[in-house]
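Peer 1: The following block contains the structure, expressed as structure tokens.
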Amino acid sequence: MPRVFITGITGQDGGYLAEQMLAEGAEVHGLVHAEDGTAAAFRAAHPEVHLHHGDLADATGLRSLVNEIEPDELFNFAGISSVAYSWEHPIVTAELSGVAAAVLFQAALQVQDRTGRRVACVQASSSEIFGNAPSWPQNEGTPVDPVSPYGAAKAYAHHMAGVYRGKGLHVASCILFNHESPRRPTTFVTRKITAAAARIGAEGTGILRLGNLDARRDWGWAPDYVDAMVRAARHSTADDFVIATGQTHTVAEFAEAALRRAGVGDSWRDHVEVDPELFRPIDTATMVGDAAKARRELGWAPTVPFDELVGRMVDHDVELLRASA
Ligand code: GDP
């Protein structure tokens, strides 16, 4: 059974991956920054996972940790996950979402050279590396041209995946389009909407304040994207793969679907207000991915359509409200 090292294990994708790996009987190791509430909750839910303390910004510490664990598979999910945050902290974003990936690849190559065993790495890349792509859908050949500090940091890590691939390390870069689940924090628009919709549905009143209602995203189901990354790790050759549904919806459509699911019917419009404060300084307007290569080479396909995704998230938030009442 493989020994797996996951950075960002307490995040949305890290949690789903840890669960998938434990179900397969893998030995799972994860990186946590501090022994905070998130780490404690994760430890309580998954006592069989080996959690290691470490700082992504500490290259020496990170390198020795990888050398100590000697993983068969390394998934780099850690870093800043919010474009909005990256505008406020561009340098930290570069360190944690960019440079740390290079440190991990370098350490993985050291382990591979020393042990003679393949260390398969997966970089969780992002559609944000494409910035305002002039054409869509975006695929692996779309120029990397980020427009945010987050996108630029992820672009560096994406390029370093290619560089280390050239040095003989199996590094797949999965260019993930937005992928959501009930585990998304409310800093993301989907969960912000579903949490508010559940509340408005229960109380029959309330306003959901949003920024750009016309922004279009290609929203998929997070566990599907985790499954794609496992396939990429185990594929015969390391490569870049766009992981996306190929369908886009606007923020307004997400809000409508969520509010309807929560039971407000045609009056959903009365509960949505646009707040200019919530617009981004620069926003990637339309993102839609073409995952034909992943479908063809990895045998991957998304399993949860848009309405079902919205439904699962709203239902979860309705349950949470009920449980807290
Ligand atoms: P991102 O695509 O990784 O930045 O994911 P987000 O969920 O944060 O944002 C998706 C899109 O929703 C972006 O185009 C935002 O501008 C737009 N959006 C509109 N209103 C909001 C809001 O209230 N919060 C967030 N986070 N995004 C919003």
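The values are calculated or read from the model by the stated rules, or taken from the named source; none is laboratory data. Predicted model, so just to flag it, every value in this text is computed and none were measured. Cβ atoms come from the backbone with ideal geometry, glycine included; neighbour counts cover every protein chain shown. These area figures cover heavy atoms from the full protein model, side chains too; ligands, DNA and RNA do not enter into them. Shrake-Rupley method; radii C 1.70, N 1.55, O 1.52, S 1.80 Å.
Peer 1: Out of TYR156, TYR150, TYR164, report the one residue that is in contact with a strand residue (DSSP E or B) (Cβ under 8 Å, 6 or more places away or on another chain), aromatic (Phe, Trp, Tyr) and away from the ligand (no atom under 16 Å from the Cβ).
Peer 2: Of the residues listed, the single one that is in contact with a strand residue (DSSP E or B) (Cβ under 8 Å, 6 or more places away or on another chain), aromatic (Phe, Trp, Tyr) and away from the ligand (no atom under 16 Å from the Cβ) is TYR164.
Peer 1: Still on this structure, please answer the following. So which helices (runs of 4 or more DSSP H) stay within region 1-118 end to end and still have 3 or more residues that are polar (S, T, N, Q) and not assigned by TED's automatic domain parsing to the domain that holds ARG191?
Peer 2: Output list reads 59-69, 100-115.
Peer 1: Checking VAL310 against (1) loosely packed, with under 15 Cβ neighbours inside 10 Å; (2) closer than 20 Å to ARG217 by Cβ, only one condition comes out false. Which one?
Peer 2: For VAL310, the failing item is (1).
Peer 1: Only one residue in VAL66, VAL83 is over 30 Å from THR286 (Cα atoms) and touching a helix residue (DSSP H, G or I) at 6+ places or on another chain (Cβ under 8 Å), so which one is that?
Peer 2: VAL66
Peer 1: Just give me the residues in region 180-196 being outside any loop (DSSP other than H, G, I, E, B), of a type outside the set (Val, Ile, Thr) and either more than 14 Å from the ligand (Cβ to nearest atom) or in contact with a Gly (Cβ under 9 Å, 6 or more places away or on another chain) (or both), in sequence order.
Peer 2: Initially, region 180-196 is screened for residues outside any loop (DSSP other than H, G, I, E, B), giving 180, 189-196.
Next, only the ones that are of a type outside the set (Val, Ile, Thr) stay: 180, 191-192, 195-196.
Selection gives GLU180, ALA196.
Peer 1: Do you know which residues across region 164-182 are among the charged types (D, E, K, R) and out of contact with any helix residue (DSSP H, G or I) (no Cβ under 8 Å at 6 or more places or on another chain)?
Peer 2: Of everything in region 164-182, just one residue is among the charged types (D, E, K, R) and out of contact with any helix residue (DSSP H, G or I) (no Cβ under 8 Å at 6 or more places or on another chain), namely ARG165.
Peer 1: Which ones in region 268-283 are in a helix (DSSP H, G or I) and within 9 Å of the ligand (Cβ to nearest atom)?
Peer 2: Restricting attention to region 268-283, the residues satisfying the condition of being in a helix (DSSP H, G or I) are 268-271, 276-278.
LEU278, the sole residue that qualifies.
Peer 1: Let me ask something additional. Could you tell me which numbered condition LYS154 fails, if it satisfies all but one of (1) surrounded by fewer than 23 Cβ atoms within 10 Å (Cβ to Cβ); (2) in a helix (DSSP H, G or I)?
Peer 2: All conditions pass for LYS154, except number (1).
Peer 1: Please verify whether TRP300 is open to solvent by less than 50 Å² (accessible area, probe 1.4 Å), assigned to a loop (DSSP other than H, G, I, E, B) and touching a helix residue (DSSP H, G or I) at 6+ places or on another chain (Cβ under 6 Å), treating the condition exactly as stated.
Peer 2: On the way: open to solvent by less than 50 Å² (accessible area, probe 1.4 Å): yes; assigned to a loop (DSSP other than H, G, I, E, B): yes; touching a helix residue (DSSP H, G or I) at 6+ places or on another chain (Cβ under 6 Å): yes.
The answer is yes for TRP300.
Peer 1: Answer yes if at least one residue in region 277-290 is loosely packed, with under 14 Cβ neighbours inside 10 Å and within 18 Å of the chain's Cα centre (by Cα), and no otherwise.
Peer 2: Checked against the condition, which is being loosely packed, with under 14 Cβ neighbours inside 10 Å and within 18 Å of the chain's Cα centre (by Cα), region 277-290 yields no hits at all.
Peer 1: Among TRP136, TRP87, which is open to solvent by 60 Å² or more (accessible area, probe 1.4 Å) and within 13 Å of the ligand (Cβ to nearest atom)? Outline the logic, then answer.
Peer 2: Values: TRP136 fails: within 13 Å of the ligand (Cβ to nearest atom).
Going through TRP136, TRP87 in turn, just one is open to solvent by 60 Å² or more (accessible area, probe 1.4 Å) and within 13 Å of the ligand (Cβ to nearest atom): TRP87.
Conditions (1) under 17 Å from GLY79 (Cβ atoms); (2) in contact with a helix residue (DSSP H, G or I) (Cβ under 7 Å, 6 or more places away or on another chain); (3) not aromatic (Phe, Trp, Tyr), marked per residue:
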{"residue": "THR93", "(1), (2), (3)": "yes, yes, yes"}
{"residue": "VAL99", "(1), (2), (3)": "yes, no, yes"}
{"residue": "VAL103", "(1), (2), (3)": "yes, yes, yes"}
{"residue": "ALA107", "(1), (2), (3)": "yes, yes, yes"}
{"residue": "THR115", "(1), (2), (3)": "no, no, yes"}
{"residue": "VAL122", "(1), (2), (3)": "yes, yes, yes"}
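Peer 1: Report yes if some residue within region 238-250 is part of a helix (DSSP H, G or I) and among the small types (Gly, Ala, Ser); otherwise report no.
Peer 2: No, region 238-250 contains no residue that is part of a helix (DSSP H, G or I) and among the small types (Gly, Ala, Ser).
Peer 1: Taking the condition modelled with pLDDT of 95 or more and surrounded by fewer than 23 Cβ atoms within 10 Å (Cβ to Cβ), does GLN123 pass?
Peer 2: no
Peer 1: For ALA202, which of the numbered conditions (1) among the hydrophobic types (A, V, I, L, M, F, W, C); (2) open to solvent by 40 Å² or more (accessible area, probe 1.4 Å); (3) outside any helix (DSSP H, G or I) fails to hold?
Peer 2: Unmet for ALA202, out of (1) among the hydrophobic types (A, V, I, L, M, F, W, C); (2) open to solvent by 40 Å² or more (accessible area, probe 1.4 Å); (3) outside any helix (DSSP H, G or I): (3).
Peer 1: Looking at region 165-179, which of its residues are in a loop (DSSP other than H, G, I, E, B) and open to solvent by 30 Å² or more (accessible area, probe 1.4 Å)? If you could, list the steps in order and put the result at the bottom.
Peer 2: Initially, region 165-179 is screened for residues in a loop (DSSP other than H, G, I, E, B), giving 167-169, 177-178.
Once the filter is applied, which keeps residues that are in a loop (DSSP other than H, G, I, E, B) and open to solvent by 30 Å² or more (accessible area, probe 1.4 Å), region 165-179 yields LYS167, GLY168, ASN178.
Peer 1: Going by the conditions given, is TRP300 under 30 Å from LEU169 (Cα atoms) and not assigned by TED's automatic domain parsing to the domain that holds ASN139?
Peer 2: Against the criterion (under 30 Å from LEU169 (Cα atoms) and not assigned by TED's automatic domain parsing to the domain that holds ASN139), TRP300 qualifies.
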